[in-house]
1. Compute for segment 392-481: radius of gyration divided by Kirkwood radius, i.e. Rg/Rh, restricted to C-alpha atoms, rounded to two decimals.
2. Sorted by mean Cβ packing within 10 Å, highest first, what order do the peptides 36-43, 304-311 take?
3. Which net charge results when you count Lys and Arg as +1 and Asp and Glu as -1 among the other residues whose beta-carbon is under 13 Å from that of SER443?
4. Restricting the count to DSSP beta bridges whose residues both fall in the chain, what percent are antiparallel, rounded to a multiple of 5?
5. What are the ³J(HN,Hα) couplings of segment 304-309, residue after residue, when phi is run through the Karplus curve with 6.51, -1.76, 1.60 and θ = phi - 60°? Round to Hz, x for glycine and proline.
6. Ranking request for peptides 405-414, 459-468, 76-85: highest mean number of other beta-carbon atoms within 10 Å first, then the rest in descending order.
7. Which residues' amide hydrogens lie under 5 Å from the amide hydrogen of VAL109, considering only partners 5 or more residues apart or on another chain, with H built in the peptide plane?
8. List the lysines whose Cα lies under 27 Å from the Cα of LYS108, skipping any in the same chain that are fewer than 8 positions away.
Amino acid sequence: MLPYLSGHLTSNLNPNLDLNLQTRNIEKTLYDYQADDLNAIFDYLEEAPDNVNLLYQLPTGGGKTVVFSEIARRFIQKTGKKVVVLTHRIELSSQTSRMLRGFSVKNKVINSEVKELGADDDHMCYVAMVETLNNRLQDGMISLNNVGMVIIDEAHYNSFRKLFKYFEKSIILGVTATPLSSNIKLPMKDNYKKLIVGESIESLIKKNFLARANMYNYDVSLKSLKLGVSGDYTVKSSDELYGNQNMLGKLLGAYEEIAKGTKTLIFNNGISTSRYVYEIFKKAGYNIRHLDNKNTASERKDILEWFAKTPDAILTSVSILTTGFDEPTVETIILNRATRSLTLYFQMIGRGSRVLPNKKEFTVVDLGNNIARFGRWDAPIDWQEIFHFPDFFLENIKNDEDIEREFVYEMPKELREKFSKSESIEFDVKEEYKKVFAQGLKSKTVLERSIEQHAQICVENSSDVFDARLLAKELKEEISYRVRQYSYCIMNNTKSYKEWLEEDYERKLRLSISQKFAARM
């Protein structure tokens with residue numbers, strides 16, 4: 001019970017301000033929604049046992065570190081007990097330590113250089129990486145007495161559980177943007193008694209704390225991807241799909257269509273894919289660099305400094321930048337990967353959500369059917385239900401085949417303008433199949449009619465056969481979509497069959513175009 005922790009806060013700190021600026025009077029530093037959340041946390045702790053486990057959710061960019069830094073300050077001041085903050089990455093440890101100092105919380109970082117720590121150490125707050133602290137405690141090299149609260153940043157990672165046994169008499173406060181465990185076999189509800197949900201993404205956008213996302217998704221067949229033991233797609237199968245020339249071309253085309261000239265982060269699932277992305281963009285003349293966990297600390301620093309100061313920079317990476325990285329000038333996020341992790345989905349998009357005086361929006365380009373799988377980034381989401389019933393949520397994530405079946409192709413605006421002389425460019429494969437079936441005709445009549453319609457609009461918008469054939473090449477995405485819809489109709493959806501159909505379709509389309517121009521002559 002903590003009855004002496006009452007007294008509510010109000011304030012005005014922007015969660016996206018530089019850490020060095022966050023040193024002003026605490027009573028004037030929290031935004032209203034942050035103060036409300038902090039008060040809700042302490043209201044609960046006043047009635048709860050001293051060793052309760054509590055989970056707090058707030059979206060990426062909402063200022064979780066700001067909130068728990070003030071919680072640490074206030075807890076130490078009121079109880080005289082120590083606070084331990086746990087992180088899972090060295091970058092997060094450094095950032096958290098600076099933030100705490102900004103709130104006048106003197107703290108010590110327990111890293112690989114700290115070999116021993118006696119009971120007489122006078123620090124009231126410690127910031128530690130999980131593995132380092134666990135090793136020191138196991139070896140008896142560190143003595144942490146009088147710890148009243150343990151704050152766990154990015155609490156959805158399960159590596160923290162091993163430390164709970166050392167703090168059985170302490171309050172455990174987990175903090176995360178997504179209260180869904182990274183391990184489906186270890187749900188968070190087993191470790192935390194209550195979840196307090198903070199402001200929603202939609203609300204933070206309306207209040208100008210987060211930028212609004214303009215989201216674009218491309219149709220991608222994910223049938224070749226395989227699931228690993230973690231429940232997400234394997235790196236090997238992702239590299240095979242996203243490293244092929246077709247997907248690399250689709251990525252480059254998407255960038256040029258939607259994001260050309262913007263500061264762009266590209267997320268991949270494998271190092272090989274990221275390097276292929278680097279090569280194809282470099283060859284196309286774009287300002288790009290590659291980053292993965294094999295880069296040295298100095299290389300990483302150099303790359304991130306280059307990215308920060310270069311307006312049209314493109315940075316391709318693996319998931320190394322999903323946490324512990326904050327570059328507000330990012331304008332475009334490209335998801336060049338598929339994931340079944342809701343947490344990763346929010347983390348990747350969140351890298352572009354920071355607001356600036358001249359930045360109120362950002363762009364998301366999805367090449368992994370992730371928007372169709374999880375919904376829009378800013379859509380309402382019931383975190384309480386996900387926290388209490390994670391199995392139900394995970395079992396009901398849309399599978400890839402259903403996503404592909406439901407996908408509706410829309411011709412990009414720039415491409416549609418090239419067919420401006422055609423009144424209609426629409427062709428519904430499923431509806432056409434129903435007509436053909438009712439008429440007792442062969443199913444391939446559907447593709448023949450589709451080819452005829454494509455040939456017609458190419459001819460209508462071209463001055464000669466060569467221009468028409470060039471236009472036909474730009475219909476590759478739509479041809480692939482139509483073929484896939486047709487294959488669903490006839491229940492033959494094998495990869496080799498669809499590839500053969502596409503090749504046959506393109507050959508017959510070229511022939512049809514030539515015949516139409518010959519008829520004109």
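1. Ratio of gyration radius to Kirkwood radius for segment 392-481: 1.08.
2. 36-43, 304-311
3. Local charge sum for SER443: +4.
4. Just about 5 percent of them are antiparallel.
5. My calculation for segment 304-309 gives 5, 5, 4, 4, 5, 9 Hz in order.
6. 76-85, 459-468, 405-414
7. Excluding prolines and chain starts, which carry no amide H, the hits are VAL127.
8. Within reach: LYS28, LYS64, LYS78, LYS81, LYS82, LYS162, LYS165, LYS169, LYS301.
Bear in mind that the values in this text are calculations on the coordinates, not laboratory data. Quantities reported herein were computed from a predicted structural model and do not represent experimental measurements. Every residue, glycine as well, gets a Cβ built from its backbone with ideal geometry; the counts of neighbours run over all protein chains shown.
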